[in-house]
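Right, one structure below, let's go through it.
The values are calculated or read from the model by the stated rules, or taken from the named source; none is laboratory data. Here the structure is a predicted model, which means the values were calculated and not measured. Here the Cβ positions follow ideal geometry from the backbone for every residue, glycine too, while neighbour counts run over all protein chains shown.
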Protein chains: 2
Amino acid sequence: MKTYIECIPCIINNGIFTAKRLKAKDEIIEKIIREILINFSTKDYNSSPPALVKDVYEIINKHLGVKDPYKDIKDFFNMELLKMENDFKKLVEENSDSFKKALKLAIAGNIIDFGIKSEISKESVLKHIDEVENTNLEIDDSKELYEILKNSKTLLYLGDNCGEIVFDKIFVEEIRKEFPNLKIKFAVRGKPVINDATMEDAHNISLHKILPIISNGDGSPGTVIENCSEEFKKAFYSSDVIISKGQGNFESLNEIDKKNIFFLFMAKCNVVAKGLNVPNMSFICKKNII
Amino acid sequence: MKTYIECIPCIINNGIFTAKRLKAKDEIIEKIIREILINFSTKDYNSSPPALVKDVYEIINKHLGVKDPYKDIKDFFNMELLKMENDFKKLVEENSDSFKKALKLAIAGNIIDFGIKSEISKESVLKHIDEVENTNLEIDDSKELYEILKNSKTLLYLGDNCGEIVFDKIFVEEIRKEFPNLKIKFAVRGKPVINDATMEDAHNISLHKILPIISNGDGSPGTVIENCSEEFKKAFYSSDVIISKGQGNFESLNEIDKKNIFFLFMAKCNVVAKGLNVPNMSFICKKNII
């Protein structure tokens, strides 16, 4: 999707929040903001919001020399959720529809997103996961995903946030149980941006021990295909099915010319929710339309 | 006060809201936003937020040819509150401390502010006024104001929003009852901006029939003294006391080198509330410190 006008102050706010979190001096924050304003004044708004966010994080890195502004929070959520991995697995295994349960958990895990909600506590994540049981998907193409996976040979799973990737790991294992012959790859961001998962994060939760991990080669909090590496593009276009996690991946891929992409995410802002005609904070499992 | 970094996305949001309210086409809104971004990238943030807001409204006017984007809402609130003028007067007169009651009502009327709260209904204003009875001023220099008025010859009253000026009218009449020898002037904005009161609005509620009205000659939603007319500056600097209504006037005058300014307003955003160490939406009657 393109960048809507309303996205611009929202992305600037995220930049301010991040620079302040890094305890940057006021005069440096001012320089950062001035550079963001100049950058956004000439940007092509047909680019998706993640393309603009990438610029914000590059500007912050340039001025503050911090390549991974949320490293502490990323590590915290990876480790905390990893400790509970077996409990979540049990929850899935005990359910009569374990595929759907794991899919819903993976969507629920998408709450861990600092791009929109700034700071979020472990307690609020767990409370949120508890609520999943009683929450329906507002858009639910999960049966179609299941059917298509049946007849597919390859799946590329696009990760999103740290912490959330523990749920993705559980869902991937569930998919593998159902479809043992499916070849699955997992993609992460090429560089740190907000709290998005990178190769290091995938290793930190031992995701690399169960399936191949590839980097998309880019530092956008989404999948801005023209910025991605050739290796990633090859995996992307050759996969029979794509599971795309998170709003950033949705924003950057929802108009792409590629079949069988399933977007699994929470619609976390008015612009996206309105575009999908669903209430804010809805759970979505949506097949792309081409 | 200077423009804080957090004010920038907030002011951009106000510009977007206003341009959308005027049903501007998407491509025109994009041009407006790009021009605001360029403007803000080079602006001196030692200017107060109202100085930046003025630029936003000038850019909107330039692209859309609409000089008074909230005219309908301004007229609506002027007329609706004028209809209830006598009821509010009764409320004041029946109170044992009618000066304080009128002062509190004048502060409560400051809720009618589209700069921050976008749209607001007549019902919510009336509900809010009802609550005034039980609400204390978080900062209360009203006794000092009363004492200083006793020994003063001239008062300049700086108006803020439409609708709200009906409460200002009642407060001015109450001040006149208490201090019949005080010479009072009322100042309005020189040009329309957001829902701020201009000369036309003062006339629409017959304020000019009870005291002289002067224009400040500027189109900022505050009192950016360097932009104001000579006539206004003369009145401003020669007055024994200034009653300054609204957050915009506070933002632009709180550091000025002039004694006996009393800021009467609701602290409607985190930046201002935090600066004053009060909760958001607090009622304030604060003497300036020089």
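Just to be sure, is B:Asp168 at pLDDT 90 or above, surrounded by fewer than 16 Cβ atoms within 10 Å (Cβ to Cβ) and not aliphatic (A, V, I, L, M)?
Judged against the criteria, B:Asp168 is not a match.
Residue by residue, here is whether (1) touching a strand residue (DSSP E or B) at 6+ places or on another chain (Cβ under 7 Å); (2) buried (at least 24 other Cβ atoms within 10 Å of the Cβ); (3) at pLDDT below 95 holds:
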{"site": "A:Pro192", "(1), (2), (3)": "yes, no, no"}
{"site": "A:Thr198", "(1), (2), (3)": "yes, no, no"}
{"site": "A:His203", "(1), (2), (3)": "no, no, no"}
{"site": "A:Glu226", "(1), (2), (3)": "no, no, no"}
{"site": "A:Tyr237", "(1), (2), (3)": "no, no, no"}
{"site": "A:Ile242", "(1), (2), (3)": "yes, yes, no"}
{"site": "A:Lys245", "(1), (2), (3)": "yes, yes, no"}
{"site": "A:Leu253", "(1), (2), (3)": "yes, no, no"}
{"site": "A:Ile256", "(1), (2), (3)": "no, no, no"}
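Would you confirm, using the coordinates I've provided, whether B:Glu230 is without any contact (Cβ under 8 Å) to a residue 60 or more places away in the chain and among the acidic types (Asp, Glu)?
In short, yes.
Is it fair to say B:Asn181 is in the same structural domain as B:Asn86 (by TED's automatic domain parsing), surrounded by fewer than 22 Cβ atoms within 10 Å (Cβ to Cβ) and modelled with pLDDT under 95?
no
Select from the stretch B:17-45 the residues that are touching a residue at least 24 places away in the same chain (Cβ under 8 Å) and part of a helix (DSSP H, G or I) and list them in ascending order.
B:Phe17, B:Thr18, B:Ala19, B:Arg21, B:Ile28, B:Lys31, B:Ile32, B:Glu35, B:Ile36, B:Leu37, B:Phe40
Only one of B:Val66, B:Val53 is more than 9 Å from every other protein chain (Cβ to nearest Cβ), aliphatic (A, V, I, L, M), buried (at least 17 other Cβ atoms within 10 Å of the Cβ) and under 19 Å from the mean Cα position of the chain (by Cα); which?
So the residue among B:Val66, B:Val53 that is more than 9 Å from every other protein chain (Cβ to nearest Cβ), aliphatic (A, V, I, L, M), buried (at least 17 other Cβ atoms within 10 Å of the Cβ) and under 19 Å from the mean Cα position of the chain (by Cα) is B:Val53.
Tell me which residues, restricted to the stretch A:12-46, are over 19 Å from B:Tyr45 (Cα atoms), at the interface with chain B (Cβ under 9 Å from one of its Cβ atoms) and surrounded by 19 or more Cβ atoms within 10 Å (Cβ to Cβ).
Matches in the stretch A:12-46: A:Tyr45 only.
Looking at the stretch B:237-257, I want the residues that are under 16 Å from B:Asn46 (Cβ atoms) and have a partner that is among the small types (Gly, Ala, Ser) with Cβ atoms under 6 Å, at least 6 apart or on another chain. Which pairs are those?
Matching pairs, first to second residue: B:Glu251/B:Ser48; B:Glu251/B:Gly222; B:Ser252/B:Ser48; B:Ser252/B:Gly222; B:Leu253/B:Ser244.
List every residue pair whose Cβ atoms lie under 6 Å apart, where the two residues are 6 or more positions apart in sequence or sit on different chains, the first residue falls within the stretch B:181-196 and is closer than 15 Å to B:Val53 by Cα, and the second residue, located anywhere, is aromatic (Phe, Trp, Tyr).
From the stretch B:181-196, the pairs are B:Val193/B:Tyr57; B:Ile194/B:Phe114; B:Asn195/B:Tyr70; B:Asn195/B:Phe114.
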